[in-house]
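The values are calculated or read from the model by the stated rules, or taken from the named source; none is laboratory data. Since the structure is predicted, the reported quantities are computational estimates derived from the model, not experimental observations. Don't worry about glycine lacking a Cβ; one is built from the backbone with ideal geometry, like all the others, and counts go over all protein chains shown. We work out accessible area using only protein heavy atoms, side chains counted, and drop any ligands, DNA or RNA first. Shrake-Rupley method; radii C 1.70, N 1.55, O 1.52, S 1.80 Å.
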Amino acid sequence: MLAKVLSSAVIGVDAYLVEVEVDIAPGLPAFVTVGLPETAVKESKERVKAAIKNSGYSFPDDRITVNLAPAHIKKEGTGFDLPIALGILAAGGVVPHAALARFLFLGELSLDGRVKAVSGSLPMALAARQAGFQGILVPHANRKEAAVVDAIDVYGIENLSQAVAFLRGGETLPPEQVDVEQLFSPPASGHEDFAEVKGQEHVKRALEIAAAGGHNLLMVGPPGAGKTMLARRLPSILPPLTFEEAIETTKVYSVAGMLAREQALITQRTFRAPHHTISDAGLIGGGAVPRPGEVSLAHNGVLFLDELPEYKKHVLEVLRQPLEDGQVTLSRANSSITYPARVMLVAAMNPCPCGYCGDSRHPCRCSMKQIENYRARISGPLLDRIDIHIEAPAVSYADLLGERPAESSQRIRDRVMAARRVQALRFRRTKMFCNAHMGNRQIKKHCAIDTATSRFLEAAVNRLGLSARALNRLLKISRTIADLAEEEAISNQHVAEAIQYRGLDRPAAMMN
């Protein structure tokens, strides 16, 4: 007796189909799983056996062989429990084979037959739609995230008995419906707002430019200057996620098993702020069972690294490739996994170990050598990948207690959105979304400058000793400043402002 059930698994954030073949043959009682199953998959035989018996069905006293194809890919996770159980029941004549062929199945079984949540339901639903299935049966807890995928019926299953009754036609289940427009409705008021930040107007301007062009940013200032406060308000001025971006971000969280219960889709840009003790695997992903790291969890959002020099140097260095390519590739002996990692990096640091270098109100206790060693923890290549370096000095007493109202996040966001619309039109025939993603060819095309501006820029580059990468970033920042000013051409004024945002290219000035 042979039965076939279709299921799915994930590699990276994309799913692939897995054919679960169940064969029941005469012989001594045995339960063998083949097809490169890892430990959790091998243990499914005990869960499946108990779930079938406790759901009121008989478990065959024969030799059971389960094959997970394609057999050359290692199978991980607990999502094969439900398809294996249904395969055994189908091989025993309890479930009709024709019904199994129309659906894709996934779910973990508890010993009493309940179907528990699994990771990766969203990419698996996308794979089922692409393969042309009529529908997909998922755990009840995963039904909303899977139902975001249109053109396929999604059924939330609470227990094994319900799945059997549905397949036999004894129970009618309505497909899950999700109102995507409702999911993207504006969040309730009361979120962090730039209107709450006193002073630091030039830092707010730098954050506005960073948001408008998708640029990475580093703030340098003493403790208490408001660097973290400003960074946490950056998502409030970023443009809203598109549906495609929301799907990409949700896939990462779905695979990582980090979607909140009953959450269908991540519709707000993420803000991740890992502690400086994080490992390189925690930051970019990896581990014995590969998982997305913080840089992928911040995909299409903000990755905030506070106290940047306190991170281990080798941890910071692994950021170089994701910042350049917008993705993380983890290579193993027998496979390669890619996670998306298109983030806005926002970092903060003190100017010196004690934090008060250049502060007129607090004497600095650090020697020049200590300051140099502190700065050397951040390599030149990594700094080159951070577009904007901005000083955030201590806020004065007058600014802290002043009554002058600060500009709200909504007003800043309106300007950011206007600049992003210009960029969307500019890059409409490409896969780029903002100025920060431009390569050399696009920089040459969209960042052209006249002779006078070219001479001015050349003098600045020679004086600061900028690398070719830093020069390109200057041009991209200038392009964003011009977009915010609603000007077609990049002028001297735009370049001059852009040069101000390369503070760490002027180390002597930063140490005064």
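Key figures for this structure:
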quantity	calculated
Selection from segment 380-406 of residues that are part of a loop (DSSP other than H, G, I, E, B), open to solvent by 40 Å² or more (accessible area, probe 1.4 Å) and touching a residue at least 60 places away in the same chain (Cβ under 8 Å)	393, 396, 405
All positions within segment 163-181 that are in contact with a strand residue (DSSP E or B) (Cβ under 8 Å, 6 or more places away or on another chain), of a type in the set (A, V, I, L, M, F, W, C) and free of Cβ contacts under 8 Å to residues at least 60 places away in the same chain	166, 173
Qualifying positions in segment 267-292 - assigned to a loop (DSSP other than H, G, I, E, B) and small (Gly, Ala, Ser)	273, 279, 287, 288
Failed item, numbered, when residue 58 is tested on (1) closer than 22 Å to residue 151 by Cβ; (2) open to solvent by 30 Å² or more (accessible area, probe 1.4 Å)	(1)
Residue check for residue 342: closer than 16 Å to residue 392 by Cα and either modelled with pLDDT of 95 or more or basic (Lys, Arg) (or both)	no
Residue match in segment 357-369 (condition: assigned to a helix (DSSP H, G or I) and modelled with pLDDT of 90 or more)	yes
Residue in segment 82-90 that is under 20 Å from residue 167 (Cα atoms) and part of a loop (DSSP other than H, G, I, E, B) present	no
Selection within segment 274-301 - over 9 Å from the mean Cα position of the chain (by Cα), touching a residue at least 40 places away in the same chain (Cβ under 8 Å) and under 17 Å from residue 347 (Cα atoms)	284
Selection within segment 307-347 - open to solvent by less than 50 Å² (accessible area, probe 1.4 Å) and assigned to a loop (DSSP other than H, G, I, E, B)	311, 318, 319, 326, 341, 343
Set 288, 281: member being more than 30 Å from residue 184 (Cα to Cα) and either open to solvent by less than 50 Å² (accessible area, probe 1.4 Å) or not small (Gly, Ala, Ser) (or both)	281
Verdict on residue 433 being open to solvent by 70 Å² or more (accessible area, probe 1.4 Å) and part of a helix (DSSP H, G or I)	no
Residue selected from segment 437-470 under the condition modelled with pLDDT under 90 and of a type outside the set (Gly, Ala, Ser), by the criterion nearest to residue 211 (Cα to Cα)	469
Filter pass, residue 202 being of a type outside the set (Gly, Ala, Ser), in contact with a strand residue (DSSP E or B) (Cβ under 9 Å, 6 or more places away or on another chain) and in a loop (DSSP other than H, G, I, E, B)	no
Hey, residue 165 open to solvent by less than 40 Å² (accessible area, probe 1.4 Å), touching an Asp or Glu at 6+ places or on another chain (Cβ under 7 Å), in a helix (DSSP H, G or I) and over 30 Å from residue 385 (Cα atoms) or not	yes
Single residue of segment 1-25 satisfying the filter (among the hydroxyl-bearing types (Ser, Thr, Tyr) and open to solvent by less than 30 Å² (accessible area, probe 1.4 Å)) that is nearest to residue 290 (Cα to Cα)	8
Which listed residue, of 92, 87, 113, is more than 30 Å from the chain's Cα centre (by Cα) and on the phi > 0 side of the Ramachandran plot	113
Neighbours by Cβ (under 7 Å, 6+ apart or cross-chain): first from segment 475-492, under 13 Å from residue 420 (Cα atoms) and polar (S, T, N, Q); second part of a loop (DSSP other than H, G, I, E, B) and at pLDDT 95 or above	480/215
Enumeration of residues in segment 223-266 that are assigned to a loop (DSSP other than H, G, I, E, B), of a type in the set (A, V, I, L, M) and open to solvent by less than 50 Å² (accessible area, probe 1.4 Å)	225, 238, 241, 259, 264, 265, 266
Segment 26-47, residues that are among the small types (Gly, Ala, Ser) and either assigned to a strand (DSSP E or B) or buried (at least 17 other Cβ atoms within 10 Å of the Cβ) (or both)	30, 35, 40, 44
Count of segment 100-141 residues which are open to solvent by 10 Å² or more (accessible area, probe 1.4 Å) and either outside any helix (DSSP H, G or I) or polar (S, T, N, Q) (or both)	17
Filter result for residue 6 (within 29 Å of the chain's Cα centre (by Cα) and part of a strand (DSSP E or B))	yes
